[in-house]
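One structure below.
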Amino acid sequence: MRDDGGDSGSNGDGAVGGDGTPRDERPRDERRQRAALLEDSPEDLYEHAPCGHLSTFPDGTIAKINTTLLDWLGYERGDLVGRRTFSELLTVGGRLYHETHFGPLLRMQGEVSSIALEMRTADGSRLPVLVTSAVRTGDDGQPLLIRTTVFDARDRRAYEDELLRARQESERERERLKRLNTTLQNTLLPPTLANVPGLDVAAHYHIASTDEVGGDFYDLFPLSAGTWGIFLGDVCGKGAAAAAVTSLARYTLRAAAVYDPDPAAVLANLNTVLNHEYNGDDPRFCTVVFGLLTPDSDDGGFRVTLAGGGHPPALLLRADGRADYLPTPGGQLVGVLPDAHIATTSVRLDGGDTLLLYTDGLTEAHAAGHGRYGDEALLEFADALAPTTATDAVAAIRELLDTFGAGVDDDAAVLALNVHRRAAAKGGR
């Protein structure tokens with residue numbers, strides 16, 4: 001028979017927990033424990049606060065210091081109270097900063113917050129801290145006491161040091177990348193241009209960003225006796241992938257010109273190679289102009305036949321001061337279609353004439369407050385420049401690019417040829 005007067009039961013008022021404590025007593029015990037935690041004395045809260053507390057007289061002598069800060073510094077209370085000043089606990093650099101900045105600011109403002117200093121511990125080691133101080137004044141406004149709160153900044157200092165090391169390593173890595181990009185870029189350009197008797201030749205490559213390798217390229221090289229090949233192009237994209245296409249394009253153009261120097265045939269060969277190599281998920285193409293340069297009769301002039309594949313037209317700056325484009329209309333991008341249309345044109349260069357090839361990084365640059373530079377502005381620039389030499393033309397364009405500053409967001413390459421004026425004395429134009 002069940003004893004209703006029993007002292008235990010699963011549903012009775014006297015139910016107990018596994019530890020033998022009546023279940024209805026548990027919440028009361030927890031509340032008592034919490035209340036006890038909140039009954040800490042102000043003195044205990046001061047002494048064992050999670051930060052250091054320090055009180056000093058106006059002359060800096062330590063009047064009071066809590067246990068937390070004493071433990072951090074490794075001192076006994078009697079070593080500091082009434083014997084040392086706050087500034088004497090700082091490192092030499094911290095003491096100098098306290099005398100020249102911290103102290104004067106505290107006197108002027110009455111409070112200084114979150115100042116990074118270093119304190120010297122009893123064993124001579126350094127303790128990085130953040131210090132906030134406030135002046136307590138009397139009824140007459142005169143300072144009575146300086147209350148200072150000290151926060152341990154060792155973790156913060158370690159974190160800042162780690163960030164600094166990471167930043168320095170990132171900067172070193174960026175410098176290595178710049179050197180690598182510069183080296184790679186230089187391998188994609190001819191170390192020197194061929195010396196063509198009777199011609200002044202000049203070129204310039206403007207790098208928009210040292211962080212990435214550009215895709216512009218140019219060259220002037222000898223073919224058969226008395227014939228030279230010339231080309232200038234721009235591969236889509238930047239970086240290593242563009243550099244690979246640039247290298248392939250340069251060597252393909254040179255090899256194709258040896259096999260068949262006809263400019264249209266040379267670009268057709270390049271188109272076949274690019275279309276075959278890059279016809280998958282990552283198509284690559286370029287714009288390019290290729291020219292065949294040959295002496296024209298005995299008067300010192302030259303004949304240039306140009307083939308264009310989607311490239312900006314060349315500029316002709318005449319000896320008489322005129323300037324105009326040499327259009328190659330209808331030329332298609334090289335490498336996109338299996339049978340790209342290649343447009344050709346031919347022109348004679350007489351004494352004093354200059355032929356200028358360039359990439360669209362020049363015309364697509366943004367002039368301050370005027371938007372894209374554009375073809376019309378470049379033609380006006382050339383018209384004002386003519387007549388000129390190749391060297392002077394390239395120098396003028398370098399200065400022009402410099403005026404754009406950060407407005408040049410794509411690499412720009414220029415290549416200029418100028419027929420010596422002295423050759424015209426034999427009967428030129």
Mean separation of Cα contacts under 8 Å (6+ apart) over length of segment 341-400, as relative contact order %: 33 percent
Could you give the length gained by full extension between ARG83 and ASP155, i.e. 0.36 nm per residue of separation minus their alpha carbon distance, to one decimal place? 22.9 nm
Collect residues whose amide H, placed 1.01 Å from N in the peptide plane, falls under 5 Å from the amide H of ALA202; neighbours closer than 5 in sequence don't count. ALA416
Which residue fluctuates most in the GNM of the chain (Cα springs below 10 Å): ASP282, ASP392, ASP411? ASP282
Accessible area per residue in Å² at 1.4 Å probe, computed on the chain: 54 Å²
Averaged over all viewing directions, the convex hull of the alpha carbons in segment 262-360 casts a projected area in nm² of 6.6 nm²
Expressed in µm² per second, the diffusion coefficient of segment 302-409 from the Stokes-Einstein equation, with Rh the Kirkwood radius over alpha carbon pairs, at 4 °C and 1.567 mPa s, is 87 µm²/s
Within segment 124-152, what residues put their amide N at less than 14 Å from the label point 7 Å along the Cα-to-Cβ vector of GLN109? 131-135
Could you tell me the calculated FRET efficiency between LEU96 and SER41, based on Cβ-Cβ distance and R0 = 41 angstrom, to the nearest 0.05? 0.55
If you consider only alpha-carbon coordinates, what radius of gyration and Dmax does the chain have, in Å? 40.7, 140
Return P(r) of segment 84-158 (all Cα-Cα pairs; 10 Å bins starting at 0; whole %; ordered from short to long distances). 19, 50, 25, 6, 1
For ASN271, net neighbour charge (Lys/Arg +1, Asp/Glu -1) across residues whose Cβ lies under 13 Å away: -1
Can you list the equivalent-ellipsoid semi-axes of segment 214-297, largest first and in whole Å, using the square root of 5 times each Cα gyration tensor eigenvalue? 25, 13, 9
Using the Cα centre as the reference, give the magnitude of the dipole from point charges on the C-beta atoms of the chain (Lys, Arg: +1; Asp, Glu: -1; all else neutral), rounded to the nearest 20 debye. 1220 debye
Considering only protein heavy atoms and a 1.4 Å probe, what is the carbon-and-sulfur percentage of the accessible area of segment 36-103? 56 percent
Quick one: putting +1 on the C-beta of Lys and Arg, -1 on the C-beta of Asp and Glu, what dipole do you get for segment 270-381 around its Cα centre, in Debye to the nearest 20? 40 debye
Coordinate range along principal axes, alpha carbons of segment 133-265, Å, largest first: 102, 30, 21
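The values are calculated or read from the model by the stated rules, or taken from the named source; none is laboratory data. Just so you know, these numbers come straight off a predicted model, no measurement behind them. Note that each Cβ is placed from the backbone with ideal geometry, even for glycine, and that neighbours are counted across all protein chains shown. Keep in mind that these areas ignore ligands, DNA and RNA; they rest on the heavy atoms of the full protein, side chains included. Shrake-Rupley method; radii C 1.70, N 1.55, O 1.52, S 1.80 Å.
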